[in-house]
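These notes concern the structure reproduced below.
The values are calculated or read from the model by the stated rules, or taken from the named source; none is laboratory data. If you're wondering where the values come from, they're calculated on a predicted model, not measured in any experiment. Glycine also receives a Cβ, built like all others from the backbone with ideal geometry; neighbour counts cover every protein chain displayed. Heads up: the accessible areas ignore ligands, DNA and RNA and are worked out on the full protein's heavy atoms, side chains in. Shrake-Rupley method; radii C 1.70, N 1.55, O 1.52, S 1.80 Å.
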Amino acid sequence: MRAIWALALVLAGVLAYFIKPSAMIPAIAVVLMIMRRIVQTQLWRDWRKMGQGLLLAIVCVATVVGTVQWGQHQIDQQTIIRVNKGLAIPPIHFMSMGVAGDGGYNERDALKMATLPKRTDKVAYSKAQLLKRLRQRGVLGYVAFLVRKQGLNTADGSFAWLREGHFFANPNDVQPWRGVAAWLTPSGRHLKDFQFLAQIWWLFLLLIICVGLRRQTDWQRLLQLGLIGAFMYLLLFEGGRSRYVIQFLPLFFLLAGSTADIAWQALNRLGQQSVWLFFGKETK
């Protein structure tokens with residue numbers, strides 16, 4: 001039964017990879033947790049179980065390789081959508097972009113990719129820009145840049161709503177928006193209210209996660225590893241805006257939900273201590 005579940009998870013991970021490569025981060029966290037469990041329980045001393053585990057690992061790896069090759073073959077053979085591989089943007093382009101400015105979208109780099117005809121030229125240009133920017137920052141400068149970029153990646157509770165895309169803004173738009181539009185449009189009278197409430201909600205969610213860090217079950221460790229991987233991914237590649245965190249919100253929600261009871265208990269104790277501080281007695 002475990003083997004069936006393992007193969008199902010492997011197939012789900014491969015399908016997620018085709019949809020969005022960053023979806024593999026939780027899968028990597030699962031592998032790390034399995035390795036931790038093997039070391040912690042000294043499973044390598046049980047040769048029978050180790051043999052079964054090794055056989056399952058080989059089957060899973062073969063499944064990954066076979067499914068990826070089959071999926072890529074289907075993409076190459078399909079005729080519904082014409083795919084020009086020469087226009088594909090190499091991953092190193094996004095790494096180079098992630099070091100420029102605030103680590104976010106760089107229009108100059110994006111336009112340059114459109115002018116280079118071959119993939120090798122795109123890779124060479126991006127690699128040269130990446131090394132140039134790293135040398136300009138230096139070791140300490142790059143560390144300071146990563147700290148600032150991490151803040152930009154996670155600070156905005158509205159997930160950079162209307163922070164970009166200024167070409168959508170219309171200075172002559174005086175239409176009296178109502179309903180949801182009044183909260184979300186650039187000229188909506190409740191836009192600032194939405195951004196304020198979103199920030200309060202985001203801080204509350206992060207507070208729940210921080211308070212719950214003392215609970216260290218395998219499930220919590222798995223989600224925490226997933227978040228660490230997400231942060232590393234956004235630091236290495238294009239980021240600099242909180243909207244990039246949206247793809248990892250399920251990890252935030254699951255982690256906050258699994259530790260909400262601890263946060264509630266801490267908040268309840270804080271309330272009791274506050275009553276004792278101001279009124280001279282502690283409520284029960």
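For the reader, a short list of remarks on this structure follows.
- Net charge contributed by nearby residues that have their C-beta within less than 10 Å of residue 129 (K/R +1, D/E -1): +4
- Carbon and sulfur %, accessible surface of the range 45-87 computed with the full protein complex present, 1.4 Å: 65
- Per residue, the accessible area of the chain comes to 69 Å², computed with a 1.4 Å probe over protein heavy atoms only.
- Here the chain is assigned +1 on the Cβ of each Lys and Arg and -1 on the Cβ of each Asp and Glu. Its dipole about the Cα centre then comes out at about 600 debye.
- Heavy-atom accessible surface of the range 195-278: percent carbon and sulfur, 1.4 Å: 75
- Protection proxy ranking of 224-236, 183-195, 104-116 - average other beta-carbon atoms within 10 Å, highest first: 224-236, 183-195, 104-116
- Note on exposure: 143, 10 ranked by accessible area (1.4 Å probe, complete protein assembly) read 143, 10, with the most exposed listed first.
- Each Lys or Arg adds one and each Asp or Glu subtracts one; over the other residues with Cβ under 12 Å from the Cβ of residue 222, this totals +2.
- Among 98, 128, 248 - extreme Cα towards positive end, dipole of the chain, charges at beta-carbon: 128
- Highest-first packing order for the peptide set 25-31, 48-54 is 25-31, 48-54, based on the mean count of other beta carbon atoms within 10 Å.
- Per-residue surface analysis assigns residue 242 an accessible area of about 0 Å², computed on protein heavy atoms at 1.4 Å probe radius.
- Multiplying the residue separation of residue 41 and residue 115 by 0.36 nm and removing their Cα-Cα distance gives an extension gain of 21.1 nm.
- For residue 36, net neighbour charge (Lys/Arg +1, Asp/Glu -1) across residues whose Cβ lies under 9 Å away: +1
- Pairs from 85/149; 20/85; 85/132; 20/49; 85/112 whose Cα-Cα separation, in the structure shown, is over 24 Å: 85/149; 85/132; 20/49
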